[in-house]
Amino acid sequence: MTNSTEISHSYRENACELELHVKKANREAAGGPTGRFVENIRNCDIFIEDYHVLIYLDVQLYKFRSARRFDLKDLKNITFKFNSKDNVLTVNLPCLPLTEEEHPEKNSEENKTKIVERPLDLWKLKRITDNCLLKIDDNAELLRPEGSYGYGFASKFHGRIRSFDCDLDTISRMPEPDRVSPLQRLIDRDIDEMKNFCRDQYKLNFVELQVPDGLDNPMQYTFNFKDNTLERDEEYLLHNLTSKPELMEMPDQYDPMEIDCGLISILLAICYDVRFTSNEPNCESAWTRSILSATLTYFEPFTSLKSVVISFMRRSLIYPLYRNYELSRQCVEDCVAALQNNSQWILKQLLITHDCFSLNERSVFNHYYIEDYIRYVSNREICSSSHLQMLAHNLKNVLFDVFKKNLGLGLQELETELLKELITDIHIAASSTSEDESVETESDTSSSDSSDDSDSDSDGDSVIEQKMGSLKL
């Protein structure tokens with residue numbers, strides 16, 4: 001998701017006026033990556049809930065959290081006014097009358113600690129784009145919002161996506177990414193992930209991975225970053241993708257952070273598959289390498305490494321065979337090591353991914369992402385070893401700042417619930433064993449056995465309690 005920009009605001013009676021300062025392109029700016037700028041003011045997507053407004057304007061996300069509750073009953077014909085001279089977009093949104101909690105004098109300095117923080121819940125957002133109009137300067141004509149967004153590598157592609165003779169619905173949740181704003185892609189992904197999270201499957205792999213017979217334990221796999229020699233067909237593909245200078249050119253406007261976040265999103269999925277297959281890609285590798293990357297499955301752009309890591313860890317606990325938190329963190333550590341050790345290994349893995357996708361309908365991902373990332377990683381001028389080292393350093397720092405609570409899946413409560421169930425099962429089993437033995441033995445023997453069972457009980461409790469004490473929440 002593109003970096004968000006705050007919105008200026010003011011309250012007048014039962015209305016809230018929002019003011020957006022639009023960052024437009026400076027055609028006279030010096031060369032080099034200068035980020036992405038608003039080109040089409042009509043290209044927007046607007047969402048609202050009780051206390052939040054999110055506006056995706058062409059390429060920029062604007063966020064506002066209100067101290068007053070919005071009136072959501074009749075949001076029709078909301079008019080946005082754009083001043084092209086000052087590049088300012090304004091809108092008035094209706095608010096409900098002040099409550100005791102929202103009253104200004106209640107929010108004095110000494111009472112700030114008592115103000116209730118209202119986190120954004122994506123599930124509650126209401127899309128009102130179709131009910132909005134746009135007035136530009138003094139023009140009498142009111143315009144409807146448009147929906148035509150970039151997607152793919154550096155968001156450089158526009159218009160209808162090429163189907164490559166495949167059913168996009170089977171491989172992607174965004175069969176028409178040009179018609180869906182990145183904000184809507186984020187919301188759809190969050191909702192899909194919450195629907196697909198399986199509590200029982202996570203419980204099954206919480207204490208120990210349930211590895212089927214004949215498969216290696218991915219937790220025990222050791223990466224070999226020196227395994228980077230290209231096969232003949234990989235060399236041929238690399239040559240075809242990089243031989244023409246015009247293919248190596250970057251878009252006129254792009255966000256360097258968006259490109260790097262996309263690379264990390266894809267690389268994290270690759271690291272999971274390498275562990276899962278012991279670096280021997282199989283028929284499931286194409287699915288694994290695409291489903292674990294929101295960049296691919298949802299054509300979702302990121303400009304925050306923390307968002308990328310959280311997205312990957314969530315998806316790795318929802319979709320593949322092994323759903324274990326420590327395994328997910330291990331894959332992030334693998335990605336850090338890959339960035340630190342060898343860009344050639346990353347290049348080889350991207351070429352392998354291209355081969356995996358080319359054998360099925362996922363070749364669409366090759367066209368819109370993988371081929372450009374192969375060119376990007378092989379271009380030492382823009383993706384140097386020092387640049388990858390910097391990415392590794394930042395990614396490592398992000399991992400220190402990501403905890404189970406950040407994933408939004410309720411893992412802490414789920415694990416506590418599971419451990420309580422285990423403790424209960426141990427007590428029931430111990431009690432049942434004690435009763436059976438007391439019927440078959442003499443009184444003094446029963447007494448001795450009961451003491452032994454009690455000791456066993458204590459040992460069992462200590463193991464579970466240690467597990468609870470060691471939880472990384």
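The values are calculated or read from the model by the stated rules, or taken from the named source; none is laboratory data. Computed from a predicted model, the values in this text were never measured in an experiment. Neighbour counts are summed over all protein chains in view; Cβ atoms, including those assigned to glycine, are modelled from backbone coordinates with ideal geometry. These accessible areas exclude ligands, DNA and RNA; they are computed on the full protein's heavy atoms, side chains included. Shrake-Rupley method; radii C 1.70, N 1.55, O 1.52, S 1.80 Å.
Numbers at a glance
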{"read-out": "Relative contact order, percent, the range 251-337 [alpha-carbon distance under 8 Å, six or more residues apart]", "value": "34 percent"}
{"read-out": "Calculated FRET efficiency for the pair residue 146/residue 211, C-beta based, R₀ 60 Å, to 0.05", "value": "0.75"}
{"read-out": "Taking the chain and dividing mean pair separation by its residue count, relative contact order in percent (alpha carbons under 8 Å, at least six apart)", "value": "14 percent"}
{"read-out": "Largest-first ordering by accessible area, 1.4 Å probe, given options 230, 183", "value": "230, 183"}
{"read-out": "Amide proton proximity set for residue 126, modelled H, under 5 Å, gap of 5+", "value": "48, 49"}
{"read-out": "Nearest-ten-degree value, helix 325-341 long axis tilted from longest Cα axis of the chain", "value": "60 degrees"}
{"read-out": "Estimated FRET transfer efficiency when R0 is 22 angstrom, pair residue 179-residue 287 (beta carbons, to 0.05)", "value": "0.30"}
{"read-out": "Exposure rank, largest accessible area first [21, 354; 1.4 Å]", "value": "21, 354"}
{"read-out": "Cα-projected label distance for residue 73 with residue 412, points at 7 Å along beta-carbon direction, nm", "value": "3.8 nm"}
{"read-out": "3J(HN,Hα) from dihedral phi, the range 232-245, Karplus parametrisation 6.51/-1.76/1.60, rounded to Hz, x for glycine, proline", "value": "4, 5, 5, 4, 5, 5, 4, 4, 5, 7, 10, 6, 9, x"}
{"read-out": "Label-point gap, in nm, between residue 133 and residue 13 - each point 7 angstrom along Cα→Cβ", "value": "2.0 nm"}
{"read-out": "Zone residues, the range 290-304, relative to residue 198, backbone N less than 19 Å from point 7 Å out along Cα-to-Cβ", "value": "290-293"}
{"read-out": "Theoretical ellipticity at 222 nm over the chain - DSSP helices of four or more residues, -39500 (n - 2.57) apiece, nearest 500", "value": "-13000 deg cm²/dmol"}
{"read-out": "Size of electric dipole in the chain: Cβ of Lys, Arg +1 and of Asp, Glu -1, about Cα centre, debye, nearest 20", "value": "3100 debye"}
{"read-out": "Solvent exposure ordering (accessible area, 1.4 Å, most first) of 287, 123", "value": "123, 287"}
{"read-out": "Derived scalar couplings ³J(HN,Hα) [the range 174-185; Karplus, 6.51 cos²θ - 1.76 cosθ + 1.60; whole Hz; x for Gly, Pro]", "value": "10, x, 10, x, 5, 9, 10, 5, x, 5, 5, 4"}
{"read-out": "FRET efficiency, 1/(1 + (r/R0)^6) with R0 41 Å, evaluated for residue 160 and residue 236 via beta carbons", "value": "0.85"}
{"read-out": "Shape category assigned to the range 265-424 from the gyration tensor of Cα positions, a/c cut at 1.5", "value": "prolate"}
{"read-out": "Separation of the residue 321 and residue 424 label points, Cα + 7 Å toward Cβ, nm", "value": "3.2 nm"}
